[in-house]
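In what follows, a structure is listed as structure tokens, so that the remarks can point back to it.
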Amino acid sequence: MGIQEKTIGISPVGCSVMAYNYLEIDWQQAAHGRAPALATATKRLMPNHYVFTYQGDGDLASIGTAEIMHACNRGENILVVFINNAIYGMTGGQMAPTTLLGMQTSTSPEGREVALHGYPLKITELIAQLPGAAYVTRQSVHTPAAVRKTKKCIQKGFENQDKKIGISFIEIVSTCSSGWKISPVASNQWMEEHMFKLYPIGDLKDSERDKEDKYMK
């Protein structure tokens with residue numbers, strides 16, 4: 001897209017904190033869960049730049065729940081990339097809001113139980129209900145075809161900033177072989193067999209497409 005010099009990434013506390021080592025763009029560091037607030041300020045101060053956050057599920061769906069919900073409800077003109085691997089990956093593999101029922105973690109060694117821990121939080125479905133959310137999709141990167149599809153979704157999220165239609169939210173269902181304590185190959189298999197059932201891949205909301213469909217009818 002030729003926007004490298006005008007792109008600003010926001011990473012909070014978590015595995016994403018090292019992202020600036022891999023992408024040659026400007027970065028800002030946010031407090032745990034507060035990336036959407038910093039991205040809001042950055043985009044409003046520099047509206048001609050492309051601003052995105054890169055957040056894990058412990059960060060976005062737990063510590064930063066209020067931040068992400070209100071940023072989406074306001075319809076901030078940013079892109080959010082949400083990595084869901086169902087645990088707190090950086091700090092020891094603890095249970096996260098997205099942890100599946102029965103899934104073992106360092107803080108739920110017998111598996112997640114409804115009576116004790118509550119249900120998994122499908123925060124992407126909640127965000128899709130907010131009027132400020134223009135584009136909400138759930139993808140993965142476990143195969144070459146999935147990588148290509150996810151790349152197109154991320155590009156669309158950046159293009160939506162030019163259209164000024166609201167926030168773009170992309171969940172990427174992912175693995176964490178170190179946190180899950182299984183091999184990378186087994187992690188992919190487990191993700192396909194278990195995570196995709198609770199977190200199905202596909203678009204949840206596309207306001208631009210909906211407008212086009214309505215116009216065509």
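The values are calculated or read from the model by the stated rules, or taken from the named source; none is laboratory data. Every value quoted in this text rests on a predicted model; they were computed, and no experiment measured them. Because the Cβ atoms are built from the backbone with ideal geometry, glycine has one as well, and the counts that use them run over all protein chains shown. Note: areas computed on protein heavy atoms with side chains; ligands, DNA, RNA excluded. Shrake-Rupley method; radii C 1.70, N 1.55, O 1.52, S 1.80 Å.
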message: So Phe52 ticks every box in (1) open to solvent by 30 Å² or more (accessible area, probe 1.4 Å); (2) not in a loop (DSSP other than H, G, I, E, B) but one. Which box is left unticked?
response: (1)
statement: All-but-one check, Ser108 against (1) touching a strand residue (DSSP E or B) at 6+ places or on another chain (Cβ under 9 Å); (2) of a type in the set (Gly, Ala, Ser); (3) open to solvent by 30 Å² or more (accessible area, probe 1.4 Å); (4) over 20 Å from Glu193 (Cα atoms), failing number (3)
Test for Phe196: is it aromatic (Phe, Trp, Tyr), over 23 Å from Gly58 (Cβ atoms) and either outside any strand (DSSP E or B) or in contact with a strand residue (DSSP E or B) (Cβ under 9 Å, 6 or more places away or on another chain) (or both): no
- line: In the range 156-179, anything in contact with a Phe, Trp or Tyr (Cβ under 9 Å, 6 or more places away or on another chain), at pLDDT 95 or above, assigned to a helix (DSSP H, G or I) and open to solvent by 10 Å² or more (accessible area, probe 1.4 Å) is listed as Lys156, Phe158, Asp162
- prompt: Would a scan of the range 110-132 turn up a residue that is within 15 Å of the chain's Cα centre (by Cα), small (Gly, Ala, Ser) and in a helix (DSSP H, G or I)?
  reply: yes
query: Hey, Met69 hits all of (1) open to solvent by 10 Å² or more (accessible area, probe 1.4 Å); (2) more than 24 Å from Asp206 (Cβ to Cβ); (3) touching a residue at least 40 places away in the same chain (Cβ under 8 Å); (4) of a type outside the set (Gly, Ala, Ser) but one; which does it fall short on?
result: (2)
- line: For the range 14-40, the count of residues that are surrounded by 15 or more Cβ atoms within 10 Å (Cβ to Cβ), touching a Gly at 6+ places or on another chain (Cβ under 8 Å), assigned to a loop (DSSP other than H, G, I, E, B) and of a type in the set (A, V, I, L, M, F, W, C) equals 1
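His32 - would you say it is touching a helix residue (DSSP H, G or I) at 6+ places or on another chain (Cβ under 7 Å) and farther than 28 Å from Gln94 by Cβ?
Working: touching a helix residue (DSSP H, G or I) at 6+ places or on another chain (Cβ under 7 Å): yes; farther than 28 Å from Gln94 by Cβ: no.
It is false that His32 is touching a helix residue (DSSP H, G or I) at 6+ places or on another chain (Cβ under 7 Å) and farther than 28 Å from Gln94 by Cβ.
Right, Gly2: without any contact (Cβ under 8 Å) to a residue 12 or more places away in the chain and assigned to a loop (DSSP other than H, G, I, E, B) or not? Outline the logic, then answer.
On the way: without any contact (Cβ under 8 Å) to a residue 12 or more places away in the chain: yes; assigned to a loop (DSSP other than H, G, I, E, B): yes.
Criteria met by Gly2.
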- request: Within the range 138-155, identify whether any single residue is part of a helix (DSSP H, G or I), out of contact with any Gly (no Cβ under 8 Å at 6 or more places or on another chain), buried (at least 22 other Cβ atoms within 10 Å of the Cβ) and touching a residue at least 24 places away in the same chain (Cβ under 8 Å), and answer yes or no.
  value: no
